[in-house]
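What follows is a set of notes on a single structure, which appears directly below.
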Amino acid sequence: MDVDQLMKEKSEMLEKVLGRYTKIGDKRIQEMMLHPINAGGKRIRPCLVLLACEAVKGDSKKILPAAASVELLHTFTLIHDDIMDHDTERRGKPTVHAIWGEELAIVVGDTLYSGAFKALVEVRKNGVPENLVLDAVEALVEANSELQEGQILDMLFEERETISEGEYMKMIGKKTGSLIEASLKIGGILGNGTREELSALSLFGRNAGIAFQIKDDLLDLTADQVELGKPVGSDIRKGKKTLMIVHALNHTTPRQRQEMNTLLGNENATDEDIHDMIGLLQDLGSINYAEEKVKTLIDEGKNALKTLDETEAKKTLLAMSDYLINRRK
Ligand code: IPE
Ligand code: IPE
Ligand code: MG
Ligand code: MG
Ligand code: MG
């Protein structure tokens with residue numbers, strides 16, 4: 001199955017709907033709103049919404065605004081994340097704050113955030129029952145609170161000398177797992193899935209989401225920057241406690257740990273410094289460890305889907321989880 005092609009087809013309808021909720025204010029304001037959306041993005045979360053709906057035999061054409069909703073919320077989090085992480089490139093383009101400044105970028109993010117809810121409640125117009133829409137809104141609100149908590153922990157961990165693997169896993173479950181899980185749950189809710197179907201989709205989403213973030217952290221070390229569309233090495237320069245760093249800090253000599261700590265969080269670290277750090281992570285088996293963890297999580301996620309009826313959408317969800325492991329951007 002060609003997942004790239006499939007996601008492209010699925011998101012074609014989505015692009016038109018997305019545009020509806022970014023048409024706010026005059027030309028200048030619109031340019032700011034549309035910039036991060038038109039820059040691209042893989043559109044993974046909206047595809048998951050549509051596939052989850054189909055997997056419970058719902059009509060995904062009715063819930064396109066819900067798919068747009070999670071992408072709008074995701075884009076809002078990226079704008080704020082880039083301010084927090086001091087990153088000036090995203091989706092192959094300069095970040096919103098790099099162009100218009102942090103002050104305006106905050107409000108552009110906030111506007112996309114409210115657009116997410118505007119979109120989600122609009123599925124009522126397509127005949128989706130109000131009680132299901134309310135449940136979907138609840139899922140999105142909960143996911144967003146959890147995501148923001150995860151983002152706060154991510155920043156607080158920068159200042160800490162050591163983090164346990166358990167703390168790290170909890171943090172990424174919140175900052176990334178929550179919205180990926182919610183995307184599946186929202187699709188399932190709006191497709192009128194049963195309670196069992198919703199918990200299977202949620203468990204799949206949570207595992208896939210956590211694996212997705214570990215893979216994102218791996219790509220920050222090993223990807224090609226042009227292909228990735230965002231800076232490589234940013235996590236080391238910002239002192240992020242990724243799984244590889246957590247593993248290495250817990251498996252190294254005090255001397256090496258000290259060396260690592262002088263590099264971590266050094267915004268002026270050179271490409272050579274980053275290269276040396278990657279070498280150390282490789283030697284300590286930390287990269288291998290993270291890669292294995294991604295595989296295990298994806299297997300657990302796939303297991304969760306066993307209880308769902310066999311549908312084309314379920315097959316695609318399974319293929320998408322393999323794509324998450326193998327992606328290069
Ligand atoms: C990036 O998400 C942020 C993370 C949660 C890791 P994506 O990798 O889905 O970003 P886009 O939407 O494709 O740009
Ligand atoms: C972001 O994690 C998670 C969000 C909730 C936005 P990262 O900070 O690793 O995401 P990228 O690498 O900037 O996309
Ligand atoms: Mg970031
Ligand atoms: Mg971040
Ligand atoms: Mg990252």
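The values are calculated or read from the model by the stated rules, or taken from the named source; none is laboratory data. Note that this is a predicted model, so its numbers are computed, not measured. Glycine also receives a Cβ, built like all others from the backbone with ideal geometry; neighbour counts cover every protein chain displayed. Just the protein is used for accessible areas: all its heavy atoms, side chains included, with ligands, DNA and RNA removed. Shrake-Rupley method; radii C 1.70, N 1.55, O 1.52, S 1.80 Å.
Just one of the listed residues (ARG255, ARG160, ARG237) is surrounded by fewer than 18 Cβ atoms within 10 Å (Cβ to Cβ), within 16 Å of ligand 4 (Cβ to nearest atom) and basic (Lys, Arg), and it is ARG160. The residues listed here are THR95, THR194, THR176; of these, the one that is at pLDDT 95 or above and in contact with a strand residue (DSSP E or B) (Cβ under 8 Å, 6 or more places away or on another chain) is THR95.
Going by what's in this entry, would GLY233 be described as among the small types (Gly, Ala, Ser), in contact with a strand residue (DSSP E or B) (Cβ under 9 Å, 6 or more places away or on another chain) and on the phi > 0 side of the Ramachandran plot? Against the criterion (among the small types (Gly, Ala, Ser), in contact with a strand residue (DSSP E or B) (Cβ under 9 Å, 6 or more places away or on another chain) and on the phi > 0 side of the Ramachandran plot), GLY233 does not qualify. Scanning the stretch 207-230 for residues that are more than 14 Å from ligand 1 (Cβ to nearest atom) and on the phi > 0 side of the Ramachandran plot returns no hits. Which number in (1) more than 20 Å from ASP154 (Cβ to Cβ); (2) in contact (Cβ under 8 Å) with a residue 40 or more places away in the chain marks the one condition that ARG124 misses? Answer for ARG124: the failing condition is (2). The set of residues in the stretch 296-321 being touching a residue at least 40 places away in the same chain (Cβ under 8 Å) and within 18 Å of the chain's Cα centre (by Cα) consists of LEU297, ILE298, GLY301, LEU317, ALA319, MET320, SER321.
Are any of the residues in the stretch 65-80 touching a residue at least 40 places away in the same chain (Cβ under 8 Å), in contact with a strand residue (DSSP E or B) (Cβ under 9 Å, 6 or more places away or on another chain) and within 21 Å of ALA116 (Cα to Cα)? Looking for residues that are touching a residue at least 40 places away in the same chain (Cβ under 8 Å), in contact with a strand residue (DSSP E or B) (Cβ under 9 Å, 6 or more places away or on another chain) and within 21 Å of ALA116 (Cα to Cα), one finds at least one in the stretch 65-80, hence yes.
The set of residues in the stretch 78-130 being open to solvent by less than 30 Å² (accessible area, probe 1.4 Å), assigned to a helix (DSSP H, G or I) and more than 16 Å from ligand 3 (Cβ to nearest atom) consists of VAL108, LEU112, GLY115, ALA116, ALA119, LEU120, VAL123. Of all positions in the stretch 12-27, none carries a residue that is in contact (Cβ under 8 Å) with a residue 24 or more places away in the chain, within 16 Å of ligand 3 (Cβ to nearest atom) and of a type outside the set (Lys, Arg).
Take the stretch 201-222 and flag every residue that is farther than 21 Å from MET260 by Cα, open to solvent by 10 Å² or more (accessible area, probe 1.4 Å) and more than 13 Å from ligand 3 (Cβ to nearest atom). Passing the criteria: SER202, LEU203, ARG206, ASN207, ILE210, PHE212, LYS215. Taking helices (runs of 4 or more DSSP H) as the structural unit, those lying wholly within the stretch 212-266 and holding at least 3 residues that are modelled with pLDDT of 95 or more and closer than 23 Å to ARG90 by Cβ correspond to 234-238, 243-249. Residues in the stretch 224-234 that are more than 16 Å from ASN266 (Cβ to Cβ), surrounded by fewer than 22 Cβ atoms within 10 Å (Cβ to Cβ) and near ligand 5 (Cβ under 10 Å from one of its atoms): LEU228 alone. Quick check on the stretch 301-314: of everything there that is open to solvent by 90 Å² or more (accessible area, probe 1.4 Å) and in contact with a helix residue (DSSP H, G or I) (Cβ under 9 Å, 6 or more places away or on another chain), which residue is nearest to ALA211 (Cα to Cα)? Across the stretch 301-314, the extreme among qualifying residues is LYS306. Looking only at the stretch 173-200, filter to residues that are under 21 Å from ASP235 (Cα atoms) and in contact with a Phe, Trp or Tyr (Cβ under 9 Å, 6 or more places away or on another chain); which one of those is surrounded by the most Cβ atoms within 10 Å (Cβ to Cβ)? Step by step, filter the stretch 173-200, then rank; the result is GLY177.
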